[in-house]
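Worksheet: one structure, shown below.
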Amino acid sequence: MKIDVIGDVHGCFDEFYRLTEKLGYDWDSGLPRHPEGRKLAFAGDLTDRGPHSLKMITVAASLHREKEAYYVPGNHCNKLYRYFQGNNVKILHGLETTTAELSALTEQERMEYRNSFIELYESSPLYEVLDEGKLIIAHAGIKEEYIGRNDKRVKTFVLYGDITGEVNEDGTPVRRDWAMEYKGRAWIIYGHTPVMKPRKINNTVNIDTGAVFGGELTAFRYPEMEIASVPSMMPFVKDKFRTFPG
């Protein structure tokens, strides 16, 4: 099993294109395909904030439908899903960029994107357990004792992280550093919390390097345990990145 797990793309399609090329994928068919049969895995948050959310929906949904990629939802994916379902969600925190793209389309085109994304979301697990449990992909991570469960508590953790119930000044939830306490043997590859460089600790790797905030778009290559990144062309926003002690 050879997989390239890509962190939060957030509509940064151009960076995604360059990263897949760097990883050896070709786009001759209109989709990224690897000559050695490697598969992509998306660690959630395909959309919002960046300029090309709809392109990312097309790519991920098409590859997933052909069983050529893995996908797990992130919190932004969950919000977009609820929006497409007609729920009353606030058009904030990046969703406004995706809805702006949709508003420029015809009703038929909007429905096609809606149906494609709903199919992708509903046919995907909360988190992926791969290679006989050696590799786990979860958007915001997962505690060892949660692996194998799919209840509401696990869903909240996987989508939002180890939240305390408090909020930061910018309105984002306060999150505990769950990776510091992880003792499992499975490798957990996740994103959600932007960091300047991939953070590897206790068999966990955070690969959200803030592409949409001017950092990098990063992939984790398995089983090689290698990192590949490309720089973002988005404006750099320093205060969106989290730093950890040590």
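The values are calculated or read from the model by the stated rules, or taken from the named source; none is laboratory data. What you are looking at is a predicted structure, and each value in this text was computed from that prediction instead of being measured. We place every Cβ from the backbone using ideal geometry, glycine too, and count neighbours over all the protein chains shown. These accessible areas exclude ligands, DNA and RNA; they are computed on the full protein's heavy atoms, side chains included. Shrake-Rupley method; radii C 1.70, N 1.55, O 1.52, S 1.80 Å.
Observations on the structure shown:
- Residue in the stretch 84-94 that is among the β-branched types (Val, Ile, Thr) and surrounded by fewer than 20 Cβ atoms within 10 Å (Cβ to Cβ) present: yes
- Residues in the stretch 149-193 that are more than 21 Å from Gly133 (Cα to Cα), free of Cβ contacts under 8 Å to residues at least 40 places away in the same chain and among the polar types (S, T, N, Q): 4 in all.
- From the options Phe241, Phe236, residue that is open to solvent by 60 Å² or more (accessible area, probe 1.4 Å) and either touching a residue at least 12 places away in the same chain (Cβ under 8 Å) or under 16 Å from Asn75 (Cα atoms) (or both): Phe236
- Strands (runs of 3 or more DSSP E) fully within the stretch 163-246 counting 3 or more residues that are at pLDDT 95 or above: 187-190, 199-201, 204-206, 216-222, 226-231
- Within the stretch 123-135, being touching a helix residue (DSSP H, G or I) at 6+ places or on another chain (Cβ under 8 Å) and loosely packed, with under 13 Cβ neighbours inside 10 Å holds for one residue alone: Ser123.
- Residue in the stretch 70-82 that is least open to solvent (accessible area, probe 1.4 Å), counting only those that are farther than 12 Å from Tyr160 by Cα and more than 13 Å from the chain's Cα centre (by Cα): Leu80
- Any chance Ile142 is of a type outside the set (S, T, N, Q), crowded, with 17+ Cβ neighbours inside 10 Å and part of a strand (DSSP E or B): no
- Single match in Arg33, Arg65, Arg38, Arg49 (criterion: charged (D, E, K, R), open to solvent by less than 50 Å² (accessible area, probe 1.4 Å) and touching a residue at least 12 places away in the same chain (Cβ under 8 Å)): Arg38
For every residue, the table says whether it meets (1) open to solvent by 50 Å² or more (accessible area, probe 1.4 Å); (2) within 30 Å of Glu224 (Cβ to Cβ); (3) β-branched (Val, Ile, Thr).
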| site | (1), (2), (3) |
| --- | --- |
| Thr98 | no, no, yes |
| Ala104 | yes, no, no |
| Glu109 | yes, no, no |
| Tyr113 | yes, no, no |
| Ser116 | no, no, no |
| Glu119 | yes, no, no |
| Ile137 | no, yes, yes |
| Val167 | yes, no, yes |
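- Condition met for Phe213 (in contact with a Pro (Cβ under 9 Å, 6 or more places away or on another chain) and open to solvent by 20 Å² or more (accessible area, probe 1.4 Å)): yes
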